[in-house]
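Values quoted throughout were computed directly from the atomic coordinates according to the rules given, and no laboratory measurement underlies them. All values reported here derive from a predicted model rather than from experimental measurement. Here Cβ is always computed from backbone atoms with ideal geometry, including for glycine, and neighbour counts include all displayed protein chains.
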Ligand code: 0O2
């Protein structure tokens, strides 16, 4: 299948989903390999930090491969043509890993760790804690290229690492579920409910701040 411009509906879309599922297996597999590598590397870190310091910033890790329908939707939104090279340049979250931490400081500690890893190249950092999305969403997204060692070559595969606290994750996970339910009903969440969701995001963040302050206070008192 060559480079084709996407149409909003019709058989093209179906053909593209089928092509991704069948002809594009080697292309998609690279992203799956990157996710295996990433998940395993960060689980090793979690073990190491717990064993060495009795503390790890990582609460849990989740990975997901973008499904063909969601990939095509993003291509449409961004006017990306149906071409593997274009897609790998323009859509950086086909492979996605989420690291959930306890405290806000832990998020930035993970970012610093990612920056100095030899098997990751940082492409972009989006700080939605400093600059939350209008919905209230918070987290830091690090767009990377992740090294994957194959039998005869080494490849660098784009991936998005989302890092957020338990509190940010609580909000984002439930908000995502509510948005999804509404999409099923072919509707938009009413403004007053969006405002409520935004308020919940803000109060979740206030709890993050309170817990961070408490941690700092308790750590400081230990050193006196
Ligand atoms: P899924 O199912 O999580 O993969 P841009 O804003 O255009 O610069 P882009 O590509 O939209 O960048 O990506 P961005 O902002 O780095 O991250 C988008 C992802 O962040 C989403 O992925 C969500 O995972 C998360 N996200 C962003 N905003 C919200 C929000 O308001 N609510 C929730 N629950 N999650 C959010 P996908 O692809 O939408 O979905």
* Cα gyration tensor shape for the chain, rounded if a/c is under 1.5, else prolate or oblate -> oblate
* Quote to one decimal, in nm, the extra length available between residue 155 and residue 105 on full extension: 0.36 nm per residue of separation minus the C-alpha distance between them. => 14.8 nm
* Structure fact -> Final fewest-first order of 167, 203 on the 10 Å Cβ neighbour count is 203, 167
* Residue order, fewest to most surrounding Cβ atoms within 10 angstrom, among 209, 125, 114, 104 -> 209, 125, 114, 104
* Asked: What is the calculated FRET efficiency for residue 25 to residue 181, with r their C-beta to C-beta distance and R₀ = 25 Å, to the nearest 0.05?
  -> 0.20
* Asked: Could you give the length gained on full extension between residue 213 and residue 196, defined as 0.36 nm per residue of separation minus the Cα-Cα distance, in nm?
  -> 3.5 nm
* Structure fact -> One would report the antiparallel percent of DSSP beta bridges in the range 74-172, rounded to the nearest 5, as 75
* Asked: In what sequence do 151, 204, 221 fall when counting other Cβ within 10 Å, fewest first?
  -> 151, 221, 204
* Anisotropy class of the range 91-224 from Cα gyration tensor, a/c 1.5 cut -> oblate
* **Helix-only CD estimate at 222 nm, as mean residue ellipticity for the chain, using -39500 (n - 2.57) per DSSP H run (n ≥ 4)** => -18500 deg cm²/dmol
* Under a point spin-label approximation (7 Å from Cα along Cα-to-Cβ), what is the residue 48-residue 89 distance to one decimal in nm? -> 3.5
* Using a Förster distance of 35 angstrom, determine the FRET efficiency expected from the C-beta separation of residue 113 and residue 220, and round it to 0.05. => 0.90
* Starting from the Cα of residue 135, step 7 Å along the direction of its Cβ; do the same at residue 188; then give the gap between the two resulting points in nm. => 1.5
* Which percentage, to the nearest 5, of the DSSP beta bridges contained in the range 11-166 is antiparallel? -> 80
